[in-house]
Amino acid sequence: MFHYLDWGTAGRPPMLLLHGFNQTAHTWDEFCPRVFQAYHVRAFDQRGHGDTQWAPDKDYSRDAMVQDIAAIVRELVLPPFILIGMSMGGANAMTYTSRYPTTVKALVLVDVGQRSNKRGSTISAAWLVSKNGLPWMLQ
């Protein structure tokens with residue numbers, strides 16, 4: 001169900017990477033070669049992004065994305081791991097960590113604040129719909 005890129009060597013400390021909105025696991029293509037020898041790095045396409053399936057129920061809420069992260073963690077059998085999230089992925093990472101604190105060894109946030117600006121989000125979503133025809137973003 002979820003597509004992910006696997007960098008590094010099994011047995012190294014695990015690291016999970018979450019991309020930002022309208023991005024993919026390939027967001028981390030320049031970062032991974034710098035850390036993969038020291039960590040077992042996995043970057044996954046969150047629902048509706050990259051090669052991961054669109055949600056059949058069209059649920060792209062933070063709660064649904066956090067449940068996806070929990071499923072990935074269960075599937076990959078990660079011990080406490082380093083979680084790095086960018087933008088939307090950072091917000092998802094914060095929420096995941098607050099719900100599953102014992103699974104996260106360290107949390108790193110890139111380009112994310114405590115909350116998003118509703119007006120800015122609405123403008124961004126409208127622009128993407130006009131350019132890409134993504135009606136689920138305004139629901």
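Only the coordinates and a few stated rules stand behind these numbers; no lab work does. Just so it is clear, the structure is predicted and the values come from calculations on it, not from any experiment. Cβ: placed from backbone, ideal geometry, glycine included. Neighbour counts: every protein chain shown.
Numbers below:
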item: Full-extension gain in nm, HIS26 to GLU75, via 0.36 nm per residue minus C-alpha separation; result: 15.6 nm
item: Square roots of 5 times each gyration tensor eigenvalue, C-alpha, the range 49-88, largest first, Å; result: 20, 13, 10
item: Per-peptide average of other Cβ atoms within 10 Å, ordering 43-49, 58-64, 78-84, 95-101 highest first; result: 43-49, 78-84, 95-101, 58-64
item: Extension gain (nm, one decimal) between MET1 and GLN37, 0.36 nm per residue minus Cα-Cα; result: 10.2 nm
item: Alpha-carbon centroid distance for the pair the range 58-93 / the range 11-33, whole angstrom; result: 12 Å
item: Directionally averaged shadow of the range 20-96, computed from the convex hull of its alpha-carbon atoms, nm²; result: 5.2 nm²
